[in-house]
Amino acid sequence: MLYTELLRLWDEAVQAVDARDWQGALAKLSEISEPTSRTLFNKASAHLALGQLDRALQVCGAAVMMQMNRLEEALSDCIWAQKHMRGNMVIDYRQLGLRFKLYSWQVLYNAAAVYCTMGQWDRARDVLLSVSQERGGRGGNIEVALDSIMKEEALAPLQVPENVVFRPRKQDVEQLKQRDFLGKAKVECNQITSVCSLSAICISRREKTNKPLQTCQNDRLLYSKKLQTPALGQRMFVFIYIYI
């Protein structure tokens, strides 16, 4: 599949997401014969927005598995994600086209949410206590979550907002527009020059023939009507012919 075709379908799918036309987005993404991880993520996000959890499962991971009550797999995904953070406190996906930052504490928060659903309240509390030592972007979420665990209230998993999807680079999309580097031939007639030339012709003719000025003006009007859009060669020919 040509990259330009993939890029066009990807961009059209993103526009459909912005309009919250999830079915339209899925239709465009389904036309991509060689999907990438980013277009697959977008497709899963559209399925998730439509409530099609089984189809969204393969990309969206732990949060979807929790909704499907596949808790062991959800916990495994959280552990896998935390491992691949490689000690980073945050991963900024904007350079990849996703307007989202994933914080390490968010991964641990979802792990605690899984433990809550499994009824393992002590482990959920321990995970959240370790999260309280993390820095960056968590606000008062952890304190509220700890209070919920003390009351044995399950936590809702954190998810990427449904309208946040991978977007193609703006520069690449602009390259899809057709450009005419040669331009189109355009013929312009300078009517003012034509009238001035005919006025000069009329004056020269009056000097030779002593015709009244009114007649010359009529001649000028007559010729100006004939030469509203003359070519350059035609105008020069008329000038020479009358002058002689």
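Only the coordinates and a few stated rules stand behind these numbers; no lab work does. This is a predicted model, so every value here is computed, not measured. Every residue, glycine among them, receives a Cβ derived from its backbone with ideal geometry; neighbour counts consider all protein chains shown.
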Ascending count of other beta-carbon atoms within 10 Å, so fewest first, for Ser132, Ser45, Ser148: Ser132, Ser148, Ser45
For segment 72-133, radius of gyration divided by Kirkwood radius, i.e. Rg to Rh on alpha-carbons: 1.02
Flagged links, alpha-carbon separation over 23 Å, of Lys28/Lys170; Lys83/Lys151; Lys43/Lys83; Lys43/Lys170; Lys43/Lys101: Lys83/Lys151; Lys43/Lys83
Relative packing of peptides 104-114, 19-29 - highest average C-beta neighbours within 10 Å first: 104-114, 19-29
